[in-house]
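The values are calculated or read from the model by the stated rules, or taken from the named source; none is laboratory data. None of these values were measured; they are calculated from a predicted model. Reconstructed Cβ throughout: ideal geometry from the backbone, glycine too, with neighbour counts over all protein chains shown.
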Amino acid sequence: MNFSSLHLRSLVGAASLAALLLTLPQALAYVDDALSFAYEAANPYSQRGWIIREDAWGGDLGKGEKEAVTAQLFRGNQYIFFLATDEDTTAIRVSIYDNKGNLTDAKSWQSGRFAYAEIKPRATGTYHAIIEVISSAEERSGWALVYGFKKD
């Protein structure tokens, strides 16, 4: 390897790193926006006595893609999951499954950039919130999920 090819590799590597660093804040920004919207959706519930957890998840998905988020839920509590996206033209859904992969009887609904799922677990255990982008004008949509609970 001569000096010029080593120098060229260094320049290409530096340029790639610079490009990554320049796009990273934009990628994180839409998850931050989605997280702000998710907490915004949760706020009225916290004012009614629900405890909103600090745990939060986020990412980005394309149309038709799904992602699972795992949470330990306890019998005797009622839970609500707040899902939001950064895009007001994106339709999203959250569904709750038990540890055996069965869809639970959680109530769920969508409203604009928001989706909700409310469950009162019949048993303590591991549950999975399945996040899905139903439709979007964007190639990928940022999303964030927070949840809260109240004791019965």
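The number of residues in the range 111-152 being among the β-branched types (Val, Ile, Thr) and touching a helix residue (DSSP H, G or I) at 6+ places or on another chain (Cβ under 8 Å) comes to 1.
Evaluation of Ala137 against the conditions (1) surrounded by fewer than 17 Cβ atoms within 10 Å (Cβ to Cβ); (2) at pLDDT below 95; (3) among the hydrophobic types (A, V, I, L, M, F, W, C); (4) under 21 Å from Glu40 (Cα atoms) shows that the sole unmet condition is (4). Can you spot a residue in the range 47-60 that is part of a loop (DSSP other than H, G, I, E, B), in contact with a Ser or Thr (Cβ under 9 Å, 6 or more places away or on another chain), among the charged types (D, E, K, R) and at negative phi? No.
Pairs linking a residue in the range 67-88 that is assigned to a loop (DSSP other than H, G, I, E, B) to a residue that is acidic (Asp, Glu), with Cβ atoms under 8 Å and 6 or more positions apart or on different chains, are Gly76/Asp152; Asp86/Asp33; Glu87/Glu138.
Does Asp98 satisfy the criteria of being of a type in the set (Asp, Glu), surrounded by 14 or more Cβ atoms within 10 Å (Cβ to Cβ), more than 18 Å from Asp55 (Cβ to Cβ) and modelled with pLDDT of 95 or more? Yes. Condition check for Arg122 on (1) closer than 28 Å to Thr89 by Cβ; (2) at pLDDT below 95: one failure, at (1). For the range 65-78, a residue qualifies if it is over 11 Å from the mean Cα position of the chain (by Cα) and either modelled with pLDDT under 90 or closer than 15 Å to Val94 by Cβ (or both), and the qualifying residues are Glu65, Thr70, Ala71, Leu73.
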